[in-house]
Structure formats: C-alpha cells, structure tokens
Amino acid sequence: MGKIAIITPTVREDGLPLVEKAIKRQTHKDFVWCIVSPFTPTVSIAHTWIKEPTKDKNDVWALNKAYNKVLKCIRCDLNISWQDHTYAKPDTVERFYNHFLSEPKTLVTAVGNKYTNDSFSVMSWKDPREREDQGTYYECYFNDIEANLCSIPYQAIADVGGFDESLDRYYGMDFYSVADRINMLGGYNFKIDQTIKSYSVGHDRFDNWEELNAIHGPYEDKRK
C-alpha cells in the first residue's frame with residue numbers, strides 16, 4: 001500500500017490546469033495523482049488515469065462509482081480529494097500528511113473561496129466554514145468535510161464499505177454520505193485546517209441541481 005493518493009475527478013478538459021499547476025509545486029512529492037475522467041488527460045506531469053465508470057440508467061453522473069474504482073485500483077494510506085478547477089498552496093499535501101501521521105483517524109478539510117477567474121482577484125463565493133473565532137485547526141461537524149479539498153484515511157472509507165453508488169442518481173451527495181456513515185460508525189474525528197486553503201474558479205452547475213440534490217430528501221429517507 002502506498003502513502004498518498006490525490007484523487008481528481010473531472011468531466012471537463014479545462015478543469016485540470018489549475019490542479020496540475022498546484023501539484024507541480026507541492027513540497028511533499030511522495031504521492032500518486034489519480035485523474036478520473038471519461039477522456040485521456042493532457043497533463044505534463046506524472047499521473048494515473050482511471051477511466052470514468054459507466055453510468056447506470058437514471059444516473060446523473062458516476063462520481064461515487066469513480067471514487068470506488070480509484071480505491072480498488074490504487075491502495076494508499078491517505079486519500080486526498082482534490083477536485084477540478086482548484087488551486088492550493090505548495091504545502092497542501094505536506095500539511096494533510098502531517099495531520100495523518102499525528103492523527104491517523106481524523107478526516108481533515110480545507111477551506112476555500114470561489115473566484116471568477118484564475119487571477120483570484122474577484123471573489124464569487126465566500127466559504128462559510130472559515131471562522132476567525134476558532135483558531136486555525138479545530139474540530140468540526142462531519143458535514144463540514146468538503147470534497148473540493150480534503151483528506152480521508154483509506155481505512156475510514158474501507159470501514160464503511162466505500163461510497164454509496166446508488167447516490168449517483170443525485171448531485172452533491174458523494175462526501176456527505178461517506179462522512180455521515182463514518183461519523184455514525186464512531187472512532188473517527190473531523191477537523192478543519194484553516195491554513196490549508198483552496199482557490200477555485202467558479203463554473204456552472206448542472207441544470208436542476210437543487211431538484212436533484214439528495215441531501216434534503218432521498219438520502220435522509222435512506223439514512224433513517
């Protein structure tokens with residue numbers, strides 16, 4: 001089993017340049033970058049391409065299937081979810097890994113705002129999880145873990161049986177579901193590190209996002 005897998009799912013060619021730029025600059029180099037996409041990535045640095053799984057009937061995407069496919073193909077102690085259209089500072093991987101070494105049963109999430117372009121000069125969305133009164137590293141709720149940029153020990157995902165692929169019929173439920181089940185399992189902690197910041201370029205959501213988001217209906221029914 002390796003040490004660190006950085007997982008970037010994307011369905012858009014223009015979603016990778018910002019991630020590649022950040023990964024090139026990381027101070028900690030001992031990781032494998034896994035790109036899950038329906039197309040062959042055109043990036044200039046070492047990576048592992050995993051073809052996006054086929055959608056089932058009525059699926060809106062294959063994101064949960066994609067995460068599970070990565071976990072089957074590449075076994076690493078720590079998984080960092082680093083979504084497309086997102087940049088982060090050079091010490092990002094190092095900080096996540098140091099947290100893992102000292103707290104191997106903790107899920108850690110970054111904070112980050114969204115911007116109109118990659119100059120990061122005009123903010124289009126401010127992260128509500130960023131809190132001046134809490135310090136830089138503190139406990140949070142399971143639903144504060146944001147797939148945009150976070151780290152999850154492999155064992156935590158294995159302990160709850162992976163991602164729920166039935167939720168690929170809905171938007172916005174990948175990490176909410178797995179973090180919720182890890183929370184219900186017990187024994188794991190959830191923390192925010194405000195020194196780890198992501199910088200994402202906003203891009204359009206799919207049509208009917210709210211209507212097809214399971215958090216307010218189908219998932220809660222299933223959870224009960």
Revision key, fill the gap. When the range 49-100 is checked residue by residue, the ones that are acidic (Asp, Glu) and more than 16 Å from GLY172 (Cα to Cα) are GLU52, ASP56, ASP77, ASP91, GLU94
Review point. Right, LYS29: of a type in the set (D, E, K, R), surrounded by fewer than 22 Cβ atoms within 10 Å (Cβ to Cβ) and within 22 Å of ALA110 (Cβ to Cβ) or not?
Key: yes
Point to revise | Filter result for THR27 (free of Cβ contacts under 8 Å to residues at least 12 places away in the same chain, at negative phi and part of a loop (DSSP other than H, G, I, E, B)) | key: no
Check your understanding: What is the one condition in (1) touching a helix residue (DSSP H, G or I) at 6+ places or on another chain (Cβ under 9 Å); (2) of a type in the set (D, E, K, R); (3) modelled with pLDDT under 95 that ASP193 does not satisfy?
Key -> (3)
Exercise for review: Could you look through the range 34-56, keep only residues that are among the aliphatic types (A, V, I, L, M) and more than 13 Å from LEU16 (Cβ to Cβ), and pick out the one that is surrounded by the fewest Cβ atoms within 10 Å (Cβ to Cβ)?
Suggested key: ALA46
Check your understanding: For THR54, all conditions in the list (1) of a type outside the set (Asp, Glu); (2) modelled with pLDDT of 95 or more; (3) part of a loop (DSSP other than H, G, I, E, B); (4) under 25 Å from GLY162 (Cα atoms) hold save one; what is the number of the exception?
Key -> (2)
Check your understanding: If only one of ASP144, ASP180 is more than 17 Å from LYS69 (Cα to Cα), of a type in the set (Asp, Glu), in contact with a helix residue (DSSP H, G or I) (Cβ under 8 Å, 6 or more places away or on another chain) and at pLDDT 90 or above, which one is it?
Key -> ASP180
Practice item. Could you tell me which residue of the range 82-126 is farthest from THR136 (Cα to Cα), considering only residues that are touching a Leu at 6+ places or on another chain (Cβ under 9 Å), among the hydroxyl-bearing types (Ser, Thr, Tyr) and assigned to a helix (DSSP H, G or I)? Key: TYR97
Practice item. Residue by residue through the range 147-175, note down the ones that are hydroxyl-bearing (Ser, Thr, Tyr), touching a helix residue (DSSP H, G or I) at 6+ places or on another chain (Cβ under 6 Å) and either part of a helix (DSSP H, G or I) or under 22 Å from TRP61 (Cα atoms) (or both). Key: TYR170
Review point. Got at least one residue in the range 98-120 being without any contact (Cβ under 8 Å) to a residue 60 or more places away in the chain and among the basic types (Lys, Arg)?
Key: no
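The values are calculated or read from the model by the stated rules, or taken from the named source; none is laboratory data. Worth saying up front: this structure is predicted, and the values here are computed from it rather than measured. Here the Cβ is made from the backbone with ideal geometry for all residues, glycine too, and neighbour counts use every protein chain on show.
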